[in-house]
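Here the structure comes first, spelled out in structure tokens, and everything after it is commentary.
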Amino acid sequence: MYDLTFAALEAELAASGLRPVHAKTLWRALHRDGAEDLTQRPDFLPPLRRWIVERMTGDGFSIALPPVRSETASSDGLTRKFLLALEDGQEVETVLMGYPGRHTACISTQAGCAMGCVFCATGQMGFIRHLTAGEIVAQVLHCRRVLRAAGSDGLRNLVLMGMGEPLHNYDAVMAALGIITDRRGINIGPARITISTVGVVPGILRLAGEQQPYGLAVSLHGATEEERSALVPVSRRWPLAELIAACREYCHRTGRRIFFEWTLIAGRNDSPETAARLATLLQGIDAHINLIPLNPTQSYDGAAASAGTVHRFQRILRDAGFPATIRQRRGIDVAAGCGQLRAEKRAA
Ligand code: SF4
């Protein structure tokens with residue numbers, strides 16, 4: 001059911017002779033209220049009730065959210081990570097991060113990932129399949145249900161930074177975000193949503209061309225072609241120069257800032273010279289740089305940069321005029337780097 005956009009739901013109902021008002025009622029039940037049972041809704045009129053009974057039995061539509069295969073919480077209780085089971089047995093991770101007065105959900109867009117970043121547990125798994133729009137929406141509904149059960153309604157922000165490369169699954173991601181931002185339903189504002197890419201150049205240009213209203217984060221990790229492609233193999237397909245040109249065009253066409261993500265790995269990309277090269281590379285781009293000490297994974301032997309090195313790197317970027325923040329390593333004790341929980345469960 002969550003695959004349907006509002007227009008598609010209206011068309012489904014219209015094909016059965018139901019008026020548009022029923023689509024609005026059903027949409028609110030599904031997306032605003034997160035209803036678990038549609039058979040007992042007092043706001044449903046008899047034609048909609050009959051449609052529900054007909055279509056939601058047998059092989060028809062389902063409103064069941066993916067069951068939780070496992071759940072872990074960080075020791076401070078602020079980060080909860082869920083491994084959700086999809087209908088075909090695939091598993092994806094969804095993370096809920098708590099901040100004072102608000103929560104952010106980090107959701108997955110693919111099972112596995114084709115991009116092969118060397119330090120990433122999902123990349124080490126390889127690509128399995130794209131998620132459907134409904135499977136992406138269902139993760140948000142799951143997080144909201146968890147929060148509501150705890151008496152909170154504060155799911156404010158969304159980051160597409162879980163398993164998978166969102167711009168490699170562009171159409172399903174955009175359909176899902178259209179549903180998630182719909183004001184009659186889940187209603188998370190587009191400005192509160194960030195799409196994270198490892199540098200899929202055609203996707204960045206498409207976002208710019210379509211003037212998509214979402215935030216963009218680009219994972220860079222290297223300031224020379226050699227440095228970057230050793231960590232992010234997809235850089236051989238879309239080289240650094242091409243990526244930076246696409247980022248310039250994105251900023252120019254949308255007027256938006258780009259967040260650049262930089263995973264700091266001891267001895268690989270954490271030197272003062274690298275920081276200076278990065279500052280030169282990004283000259284003229286409205287950039288904010290997020291520095292993230294490496295999250296250790298089982299099959300990558302790199303280590304996180306030390307706190308002193310991270311601060312020195314940050315200072316060089318700031319001195320060059322760039323806002324640069326150090327991302328807290330939220331939930332490192334729950335394997336919150338994408339793909340780590342799934343990999344650990346498989347290995348167990
Ligand atoms: S970091 Fe992101 S893009 Fe790279 S392999 Fe992992 S999931 Fe894919």
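The values are calculated or read from the model by the stated rules, or taken from the named source; none is laboratory data. Remember, predicted model here, so these are calculated numbers, not experimental data. No Cβ is skipped: glycine too gets one built from the backbone with ideal geometry, and neighbour counts run over all protein chains shown.
Summary of values
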quantity	calculated
Positions within region 207-243 being farther than 15 Å from Leu281 by Cα, away from the ligand (no atom under 16 Å from the Cβ) and of a type in the set (Gly, Ala, Ser), in sequence order	Ala208, Gly209, Gly215
Identity of the residue in region 149-165, within 16 Å of the ligand (Cβ to nearest atom) and of a type outside the set (A, V, I, L, M, F, W, C), that ends up surrounded by the most Cβ atoms within 10 Å (Cβ to Cβ)	Gly164
Verdict on Gly321 being out of contact with any Cys (no Cβ under 6 Å at 6 or more places or on another chain), at pLDDT below 95, assigned to a loop (DSSP other than H, G, I, E, B) and surrounded by fewer than 18 Cβ atoms within 10 Å (Cβ to Cβ)	no
Residues (hydrophobic (A, V, I, L, M, F, W, C) and crowded, with 19+ Cβ neighbours inside 10 Å) located in region 194-216	Ile195, Val198, Val200, Val201, Ile204, Leu207, Ala208, Leu216
Subset of region 269-290 [crowded, with 20+ Cβ neighbours inside 10 Å, of a type outside the set (Val, Ile, Thr) and outside any helix (DSSP H, G or I)]	Asn269, Asp270, Leu282, Ala287
Residue tally, condition within 15 Å of Ala114 (Cβ to Cβ) and of a type outside the set (A, V, I, L, M, F, W, C), over region 192-245	9
Region 65-90 - residue that is modelled with pLDDT of 95 or more, among the aliphatic types (A, V, I, L, M) and in a loop (DSSP other than H, G, I, E, B) and, of those, farthest from Arg144 (Cα to Cα)	Leu86
Residues satisfying the stated conditions in region 1-37, i.e. under 19 Å from Ile179 (Cα atoms) and in a loop (DSSP other than H, G, I, E, B)	Met1, Tyr2, Asp3, Leu4, Thr5, Asp33, Gly34, Ala35, Glu36
All positions within region 36-92 that are under 20 Å from Leu141 (Cα atoms) and among the hydroxyl-bearing types (Ser, Thr, Tyr)	Thr39, Ser62, Ser70, Thr72, Thr79
Yes/no for Gly203 being within 16 Å of the ligand (Cβ to nearest atom), modelled with pLDDT of 95 or more and on the phi > 0 side of the Ramachandran plot	no
Filtered residues of region 219-260 (kept if in a strand (DSSP E or B) and either in contact with a helix residue (DSSP H, G or I) (Cβ under 8 Å, 6 or more places away or on another chain) or farther than 16 Å from Gly302 by Cβ (or both))	Ile258, Phe259, Phe260
Close pairs (8 angstrom Cβ cut-off, 6 or more residues apart or separate chains): more than 13 Å from Leu131 (Cβ to Cβ) in region 82-94, polar (S, T, N, Q) anywhere	Phe82/Ser70; Phe82/Thr94; Leu83/Ser70
Of all residues making up region 91-136, the number that are part of a strand (DSSP E or B), within 19 Å of Ala217 (Cβ to Cβ) and within 12 Å of the ligand (Cβ to nearest atom)	3
Contacts under 8 angstrom Cβ, first residue in region 150-169 being touching a residue at least 24 places away in the same chain (Cβ under 8 Å) and of a type in the set (Lys, Arg), partner more than 16 Å from the ligand (Cβ to nearest atom) and part of a strand (DSSP E or B), 6 or more apart	Arg156/Arg102; Arg156/His103; Arg156/Thr104
Single match in Gly209, Gly222, Gly199, Gly255 (criterion: touching a strand residue (DSSP E or B) at 6+ places or on another chain (Cβ under 7 Å) and of a type outside the set (D, E, K, R))	Gly199
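Quick grid of which residues meet (1) touching a residue at least 12 places away in the same chain (Cβ under 8 Å); (2) over 13 Å from Ile326 (Cα atoms):
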residue: Pro272; (1), (2): yes, yes
residue: His288; (1), (2): yes, no
residue: Gly302; (1), (2): yes, yes
residue: Gly308; (1), (2): no, no
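Rundown of residues vs (1) touching a helix residue (DSSP H, G or I) at 6+ places or on another chain (Cβ under 9 Å); (2) part of a strand (DSSP E or B); (3) within 13 Å of the ligand (Cβ to nearest atom); (4) under 26 Å from Arg228 (Cβ atoms), yes/no style:
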residue	(1), (2), (3), (4)
Val140	yes, no, no, no
Arg144	no, no, no, no
Leu147	no, no, no, no
Leu167	yes, no, yes, yes
Tyr170	yes, no, no, yes
Ile180	yes, no, no, no
Ile186	yes, no, no, no
Ala191	no, no, no, no
Gly199	yes, no, yes, yes
